[in-house]
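Worksheet for the structure shown next.
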Amino acid sequence: MNYNKVKILFIFLILVFLTVEIGAEAEKNSKGKGLSKTTGAPSRTRLNINNISTWLYNNGNSDLDPNGNSGFIYPKGSNKAAVFQSGLVWGADVNGQKRVGGSTYSQGLLPGAVINGVREDVDEPHVRIYRVRDNWKNGSMISEINDGEGSEAEIRAQYEKDWNEWPAEFGAPYEDVDADGSYDPNIDIPGFPGANQTVWFVANDFDPTTTISMYGSDPMGIEMQATYWGYALGGALGNVIFRKYTLINKGQFAFDSMYVSMWSDVDLGDAGDDLSACSIPLSMMYTYNGAASDAVYGENPPALGFDFFQGPIVPGAPTDEAIFNNKVRKGYTNLPMSAHYFFINGNDVYTDPDLGSYNDGTLGFHNLFRGRITNTGSPFTDPNTGEATKFTLSGDPITGEGWVDGIQHAPGDRRDGMVAGPFTMAVGDTQEVVVAELIAGGTPGIDRLQAVNLLKINDEIAQSAYDNFFELPSPPPAPVVNAAGYSNEILINWGDDQQRVMETEVDYEVPGIANHGTFTFQGYNVYQLPNKSATKEEAVRIATFDKVDGVKVILDQEVDPASGVTLMLPQQYGGDYGVERNIRITKRLYN
């Protein structure tokens, strides 16, 4: 048996024929509602292109479902939720006063851009959330259908509307195909360049009633453009969503001593048995299960983290480099995580800021921004060293070294946040913050601490991909499948000339990443599914067609979650059966 270590491409055909169709802090996991078509709507949508399905809103709220339940579902389709709610928070000294805005349990934002100092009417038809997919015309809509978004026709219609009305003039990202610096809807591609699914909206904090109800402060004068995107891939990038927050000072005053903070209320299944942590070298905060078994995830609870992949940009040394606006900027640096905080219900030290209160809300968050206790402003103290620290729970739960959660306080309902700052923003200045939301584990064979280890490994892989501007190899187009039903059989064919052209060798290079070389077509697997909504895990393989070349086992790199060692492991098996582009189905394998 020949073990080929060259990267080889296996194309999967997923066939469904039971109906002769071809398909290439409350109660958790409620289904979402269909997309509204009213004026100024939809105001919410899902990002669900990979192993994650989560809710996003055009007022900055995220991971919360419309019924007020945990809305971050992982694995997608499992009805198991890992996050209750999350959002970006910011604060600064503005005109001699400390102010705070953004989104936590309350949102200090309203949808719409700020034009000539005036915020848009939230009821304008274009003031909505937008979502696009690169294959919206003919790609499978199973994820959206299973998420309760409506019929296939309704879902495609919304994708088409958002594609055709993509608001590039307001700052929505796009791939500038002709490289002319302006958006041409007939040439350029809507969405974050290279992403398989992108969600975008613009919001602002110009309404005093809204900001005061959040944490008691007046508006800062910020327009926030939010871009969320994901990739339909396996591995690390299949378990992460990316969030890019573009903050523009459209107010009347400069922002001094400004900070941004990613805030989250992570509930890994059962909310009452979680622990928090942070990794200073990775600029990541994360949550993991405090018990070996979880009431929802069982013996394989996942770990979930947030990482500043791109912090705010500040001047640096001439040799420094920073990422800004999808480009490298010399002489600047991106700020890393500068503090980490967490909350425990009923605890006087690790207490949440109060909503609607300036003294206990705005001023409390400004203490947290500086790595200090919410209601006193005193430094946090590492119980192991007795020294002041801005990074709570920075120990390693795998080795037990350092300040590890669970030693002083029992596992429970945790909330936490990570901070980047300080920096300044003059009137008209723009800053960007890119946060990755990652999850690992939740699958058989991976326990709670192995999930932490795998999360850190995936974080480094995804960070490397981001730092190299996602110069990754693209998968080939899906085969065009035709089917015809006869008495007691179905004939399926994907043998046109275009398909033969696809079966070629593809060279690729990824600058700065060792994972480069050649993809070579090897063959097809054909599966039978019980219904068109089923997943590949429910499929039965009924045929393999592969080239007659002695290659019978295809290997690829795979990370062992327990040890972190990268191994070459079998991914696909062939048999030198020969490449066929048609099959006759005469037997149903499901009752």
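The values are calculated or read from the model by the stated rules, or taken from the named source; none is laboratory data. Values in this document were obtained by computation on a predicted structure and should not be read as measured data. Here the Cβ is made from the backbone with ideal geometry for all residues, glycine too, and neighbour counts use every protein chain on show.
Is it the case, given these coordinates, that residue 374 is of a type in the set (Ser, Thr, Tyr), modelled with pLDDT of 95 or more, under 25 Å from the mean Cα position of the chain (by Cα) and crowded, with 22+ Cβ neighbours inside 10 Å? Judged against the criteria, residue 374 is not a match. The number of residues in region 246-270 that are closer than 18 Å to residue 305 by Cα and crowded, with 21+ Cβ neighbours inside 10 Å comes to 10. Would you check if there is a residue in region 193-212 being within 18 Å of residue 104 (Cβ to Cβ) and among the aliphatic types (A, V, I, L, M)? Yes, there is a match, as at least one residue in region 193-212 is within 18 Å of residue 104 (Cβ to Cβ) and among the aliphatic types (A, V, I, L, M).
Considering only residues in region 192-215 that are in contact with a strand residue (DSSP E or B) (Cβ under 8 Å, 6 or more places away or on another chain) and under 16 Å from residue 357 (Cα atoms), the one that is surrounded by the most Cβ atoms within 10 Å (Cβ to Cβ) turns out to be 215. Yes or no: residue 123 surrounded by fewer than 19 Cβ atoms within 10 Å (Cβ to Cβ), part of a strand (DSSP E or B) and at negative phi? The answer is no for residue 123.
Taken over region 318-366, the criterion of being surrounded by fewer than 13 Cβ atoms within 10 Å (Cβ to Cβ) and at positive phi is satisfied by 325, 331, 346, 356.
When residues in region 87-120 are screened for being of a type outside the set (Gly, Ala, Ser), in contact with a strand residue (DSSP E or B) (Cβ under 9 Å, 6 or more places away or on another chain) and outside any strand (DSSP E or B), 4 of them pass. Return the residue satisfying two criteria in turn: it lies in region 404-428 and is under 11 Å from residue 276 (Cα atoms) and crowded, with 21+ Cβ neighbours inside 10 Å, and of such residues it is farthest from the chain's Cα centre (by Cα). So, considering only residues that are under 11 Å from residue 276 (Cα atoms) and crowded, with 21+ Cβ neighbours inside 10 Å, the one farthest from the chain's Cα centre (by Cα) is 405. Name every residue in region 429-450 that is buried (at least 24 other Cβ atoms within 10 Å of the Cβ) and in a loop (DSSP other than H, G, I, E, B), in order of residue number. Of everything in region 429-450, those that are buried (at least 24 other Cβ atoms within 10 Å of the Cβ) and in a loop (DSSP other than H, G, I, E, B) turn out to be 441, 442. Screening the candidates 311, 290 for the property of being surrounded by fewer than 24 Cβ atoms within 10 Å (Cβ to Cβ), at pLDDT 95 or above, small (Gly, Ala, Ser) and assigned by TED's automatic domain parsing to the domain that holds residue 226 yields one hit, 290.
Filtering region 377-390 to residues that are assigned to a strand (DSSP E or B) and surrounded by fewer than 22 Cβ atoms within 10 Å (Cβ to Cβ) leaves 379, 381, 388, 389. Taking region 126-156 as the region of interest, how many residues are part of a helix (DSSP H, G or I) and exposed (fewer than 15 other Cβ atoms within 10 Å of the Cβ)? Total meeting the criteria: 2.
Taking the criterion of being touching a strand residue (DSSP E or B) at 6+ places or on another chain (Cβ under 8 Å) and modelled with pLDDT of 65 or more, the residues of region 491-518 that qualify are 491, 492, 493, 494, 495. Just one of the listed residues (131, 119) is of a type in the set (D, E, K, R), at pLDDT 95 or above and under 25 Å from residue 69 (Cβ atoms), and it is 131.
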